[in-house]
């Protein structure tokens, strides 16, 4: 029993209080155990410090008029993390692209913006990208279900470009000195476009200070019967700035199984050129007036009635519609 008690005391760190003289007289030793906690001389540990912030999602991608709620996570010096959304100061330096209410971001106009999160001395800028929503055909590349086909005789000068309107990559289209470059984008399965009123794409010249004209851009070429061809009827001057091209659907109810969702072509004029394309989408643009549309979108859009050619207001496009049933 005595041996067990000593082992227990050694294992548990307890102090045995015994009377040494009791061993000689044969009397049972005093087996009292001191269970008090020894004074380790410790001090209160300092509170962990905030070392970094993170936002969920890391990149905010929203469409015009839609809302995304973000969360802000704090990372601390002891390796812990916690939701600090209610503690941080949130702001948006450019509220023309995105607006902020509490922790909710709302898309206001297509483009790039920032969400700034600040807590004490720690700050974080989170990218915010606002697009036109709808049906994406090309963003950082062709979306699933779409393929590209060159026109007969076309040069095949296409490559990704890091200089994009949104995302990480645009499409760079090279044009030879002689001949042309042209291609169509086809849907593997016919697309129901009846809920949209326009096809949109962002375009710009690839070289600063070089005058350039984009000859043709539109949709409706499926390399078969081409029953619903809609495209620009005048060249579009390109600059080094991104501009939005909006091609209206003359009668959306006619586009229930459309495969030819985009095409573009430009001919060489004795020198090699190039242009960039990004963010090809079918969208529902606001049903406002012609003047408001032209002001909102640099090239403007206009409902195309039945006919072959329709001149639009200044700053807009002239459209060519080849469809006997329109």
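The values are calculated or read from the model by the stated rules, or taken from the named source; none is laboratory data. Note that the structure is predicted; figures quoted are calculated from it, not measured. Glycine also receives a Cβ, built like all others from the backbone with ideal geometry; neighbour counts cover every protein chain displayed.
General observations
- Set 177, 189: member being in contact (Cβ under 8 Å) with a residue 24 or more places away in the chain and farther than 18 Å from residue 137 by Cα: 177
- Per-region count, segment 184-203, residues part of a strand (DSSP E or B) and surrounded by fewer than 20 Cβ atoms within 10 Å (Cβ to Cβ): 3
- Against the list (1) part of a loop (DSSP other than H, G, I, E, B); (2) in contact (Cβ under 8 Å) with a residue 12 or more places away in the chain, the condition residue 126 fails is (1).
- Condition met for residue 61 (in contact (Cβ under 8 Å) with a residue 40 or more places away in the chain and touching a strand residue (DSSP E or B) at 6+ places or on another chain (Cβ under 6 Å)): yes
- Segment 208-218 - residue that is within 25 Å of residue 166 (Cβ to Cβ) and surrounded by fewer than 16 Cβ atoms within 10 Å (Cβ to Cβ) and, of those, modelled with the highest pLDDT: 213
- Checking each residue of segment 130-140 against the condition of being at pLDDT below 95 and surrounded by fewer than 16 Cβ atoms within 10 Å (Cβ to Cβ) gives no match.
- If the condition is being free of Cβ contacts under 8 Å to residues at least 12 places away in the same chain and out of contact with any strand residue (DSSP E or B) (no Cβ under 6 Å at 6 or more places or on another chain), then segment 130-153 contributes 144, 152.
- Only a single item in (1) within 18 Å of residue 229 (Cβ to Cβ); (2) surrounded by fewer than 16 Cβ atoms within 10 Å (Cβ to Cβ); (3) at pLDDT below 90 is not met by residue 150, and it is number (3).
- Among strands (runs of 3 or more DSSP E) entirely within segment 219-326, having at least 2 residues that are within 28 Å of residue 61 (Cα to Cα) and modelled with pLDDT of 75 or more singles out 243-248, 258-267, 273-283.
- Within segment 245-258, tally of residues that are surrounded by fewer than 19 Cβ atoms within 10 Å (Cβ to Cβ) and in contact with a strand residue (DSSP E or B) (Cβ under 9 Å, 6 or more places away or on another chain): 2
- So residue 39, is it farther than 30 Å from residue 132 by Cα and modelled with pLDDT under 85: yes
Let's see how each residue does on (1) crowded, with 17+ Cβ neighbours inside 10 Å; (2) touching a strand residue (DSSP E or B) at 6+ places or on another chain (Cβ under 7 Å); (3) more than 13 Å from residue 53 (Cα to Cα):
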site: 67; (1), (2), (3): no, yes, yes
site: 77; (1), (2), (3): no, yes, no
site: 90; (1), (2), (3): yes, yes, no
site: 98; (1), (2), (3): yes, yes, yes
site: 105; (1), (2), (3): yes, yes, yes
site: 113; (1), (2), (3): yes, yes, yes
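- First in segment 199-217 and at positive phi, second anywhere and surrounded by fewer than 17 Cβ atoms within 10 Å (Cβ to Cβ), Cβ under 9 Å, 6 or more apart: 209/240
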